[in-house]
Amino acid sequence: MTTHTDEPKIARSHTVSGWALGEWADHILEQAGLGVTIVDLDGSVLFYNKWADARLDRKPEYLGQDVRDRHHRAVTNPRWNAMLQLFIDGRDEPVRYVARPYGKMTILVTVSPIRVAGELVGLSQIVQIRDEVEELFKRFDTSGRESFEREMLPNGFEEK
């Protein structure tokens, strides 16, 4: 396993001067409110966050193991290998797809390349549960922002 310790190269226009993302990165990943899993180029699971632990098939014994050993359907591994090859061949845009790996639960998946100093070192997988996302849209379609504002501002909002 390769460890990369160099600072991420983030465009200065995206970061306040003097602030380092690295100081917060692990907290952001852990508290993102969606599933985050990181694998290396060999398919070894390097990280998954608490959301993924609670909702997806993630277990401590999977760390360091090939993600392909956990896929339930035969077609999944050739698809995973093809997606990895896209990133090896230079694709930078994420791959997005919908899956139903656990029976009834449908998930929305975004897989992105992780490049350090221009070198592909791994992939990040971001997962949301379709029912959770659809419920938020239904709530918005029914009440607009009102129900969200009531939840966030139970004492109302006064303009100053």
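The values are calculated or read from the model by the stated rules, or taken from the named source; none is laboratory data. All of these numbers come straight from a predicted model, not from anything done at the bench. Neighbour counts run over all protein chains shown; Cβ positions are idealised from the backbone, glycine included.
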What do you reckon, is Ala74 more than 23 Å from Glu30 (Cα to Cα), loosely packed, with under 10 Cβ neighbours inside 10 Å, small (Gly, Ala, Ser) and in contact (Cβ under 8 Å) with a residue 12 or more places away in the chain?
-> no
Would region 97-105 turn up any residue that is among the aliphatic types (A, V, I, L, M) and within 19 Å of Leu46 (Cα to Cα)?
-> no
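For (1) modelled with pLDDT of 75 or more; (2) of a type in the set (Lys, Arg); (3) part of a strand (DSSP E or B); (4) over 16 Å from the mean Cα position of the chain (by Cα), each residue gets a yes or a no:
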{"residue": "Thr3", "(1), (2), (3), (4)": "no, no, no, yes"}
{"residue": "Lys9", "(1), (2), (3), (4)": "no, yes, no, yes"}
{"residue": "Trp19", "(1), (2), (3), (4)": "yes, no, no, yes"}
{"residue": "Thr37", "(1), (2), (3), (4)": "yes, no, yes, no"}
{"residue": "Trp51", "(1), (2), (3), (4)": "yes, no, no, no"}
{"residue": "Arg58", "(1), (2), (3), (4)": "yes, yes, no, no"}
{"residue": "Arg79", "(1), (2), (3), (4)": "yes, yes, no, yes"}
{"residue": "Phe87", "(1), (2), (3), (4)": "yes, no, no, yes"}
Give just the number: which of (1) more than 22 Å from Glu30 (Cα to Cα); (2) touching a helix residue (DSSP H, G or I) at 6+ places or on another chain (Cβ under 7 Å); (3) hydrophobic (A, V, I, L, M, F, W, C) does Val111 not satisfy?
-> (1)
Answer yes or no as to whether Arg58 is over 15 Å from Gln125 (Cα atoms), surrounded by 11 or more Cβ atoms within 10 Å (Cβ to Cβ) and either free of Cβ contacts under 8 Å to residues at least 40 places away in the same chain or β-branched (Val, Ile, Thr) (or both).
-> no
Take region 107-160 and flag every residue that is part of a helix (DSSP H, G or I), among the acidic types (Asp, Glu) and over 19 Å from the mean Cα position of the chain (by Cα).
-> Glu135, Asp141, Glu146, Glu149, Glu151
In region 128-149, how many are of a type in the set (Lys, Arg) and in contact with a helix residue (DSSP H, G or I) (Cβ under 9 Å, 6 or more places away or on another chain)?
-> 1
